[in-house]
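Heads up: the structure comes next, in structure tokens.
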Amino acid sequence: MKKLFLFAFVGFQLFSAYAQPTTIDRLYKHNGDSMQARVVKVDEYVINYILPDEKVQRTIGKLTVEKILYGDGKTEEISKKIEVNGKKDWDKVLIVYEATVVAGLKKGEDISGKTPYWSVSNISKEEIQNKSIKNLKQAAARDYYAPIVLIISDQKSYKQ
């Protein structure tokens with residue numbers, strides 16, 4: 001009898017845990033869209049979520065999401081929208097190096113940059129890098145009004 005009672009109790013616990021409704025959260029994106037999902041985890045750069053009626057876990061970059069309104073009513077601010085309105089806003093442009101950070105954002109135009117300062121011996125590598133980053137940010141702001149630049153390095157080895 002004890003075994004039957006224990007089996008029935010464990011079975012009831014498993015059933016009630018499985019049958020409990022999961023809360024649905026709402027993610028608000030910077031482009032004005034929102035979507036319902038169950039947020040699984042908020043990491044440093046990405047949000048893991050599951051869409052209603054699905055079991056597949058998806059990922060979206062935190063730079064895409066303004067805030068999350070959880071099913072329990074709690075709100076979590078995720079990121080601020082970066083507004084770039086021309087060259088004057090070049091210093092607002094954000095440089096990122098990981099594609100996961102921009103997951104969910106619309107891809108814009110490609111920007112290529114070269115560093116023509118290699119032959120100048122009185123400039124440090126750090127100064128060269130800073131100048132190159134500034135040039136990329138200015139081009140992104142001036143030509144594309146792009147708030148975020150993903151750097152995909154295509155470095156070649158140069159011999160002097």
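Conditions tested, residue by residue: (1) without any contact (Cβ under 8 Å) to a residue 24 or more places away in the chain; (2) closer than 29 Å to VAL93 by Cβ.
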position: LYS29; (1), (2): no, yes
position: ASP43; (1), (2): yes, yes
position: VAL46; (1), (2): no, yes
position: ILE50; (1), (2): yes, no
position: ILE68; (1), (2): no, yes
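If you go through the stretch 66-102, how many residues are among the polar types (S, T, N, Q) and under 14 Å from the mean Cα position of the chain (by Cα)?
Initially, the stretch 66-102 is screened for residues among the polar types (S, T, N, Q), giving 75, 79, 85, 100.
If we keep only those that are under 14 Å from the mean Cα position of the chain (by Cα) as well, we get 79, 100.
Residues flagged as among the polar types (S, T, N, Q) and under 14 Å from the mean Cα position of the chain (by Cα) within the stretch 66-102 amount to 2.
State which residue is surrounded by the most Cβ atoms within 10 Å (Cβ to Cβ) when the search covers only the stretch 113-142 and only residues that are modelled with pLDDT of 80 or more and among the aliphatic types (A, V, I, L, M).
That would be ALA140.
Looking at this structure, is GLY108 in a loop (DSSP other than H, G, I, E, B), at positive phi and modelled with pLDDT of 85 or more?
On the way: in a loop (DSSP other than H, G, I, E, B): yes; at positive phi: no; modelled with pLDDT of 85 or more: yes.
No; evaluated as a whole, the condition is false for this residue.
For the stretch 125-132, state whether one or more residues are in contact with a strand residue (DSSP E or B) (Cβ under 7 Å, 6 or more places away or on another chain) and among the hydrophobic types (A, V, I, L, M, F, W, C).
Looking for residues that are in contact with a strand residue (DSSP E or B) (Cβ under 7 Å, 6 or more places away or on another chain) and among the hydrophobic types (A, V, I, L, M, F, W, C), one finds none in the stretch 125-132, hence no.
What tally of residues in the stretch 59-93 results from selecting those that are closer than 20 Å to VAL42 by Cβ and surrounded by 12 or more Cβ atoms within 10 Å (Cβ to Cβ)?
17
If only one of VAL56, VAL96 is of a type in the set (A, V, I, L, M, F, W, C) and loosely packed, with under 11 Cβ neighbours inside 10 Å, which one is it?
On the way: VAL96 fails: loosely packed, with under 11 Cβ neighbours inside 10 Å.
Unique residue meeting the criteria: VAL56.
The values are calculated or read from the model by the stated rules, or taken from the named source; none is laboratory data. A quick note: this is a predicted structure, and the numbers were derived from the prediction, not measured. Positions of Cβ are generated from backbone atoms using ideal geometry, with glycine treated the same way; all protein chains shown enter the neighbour counts.
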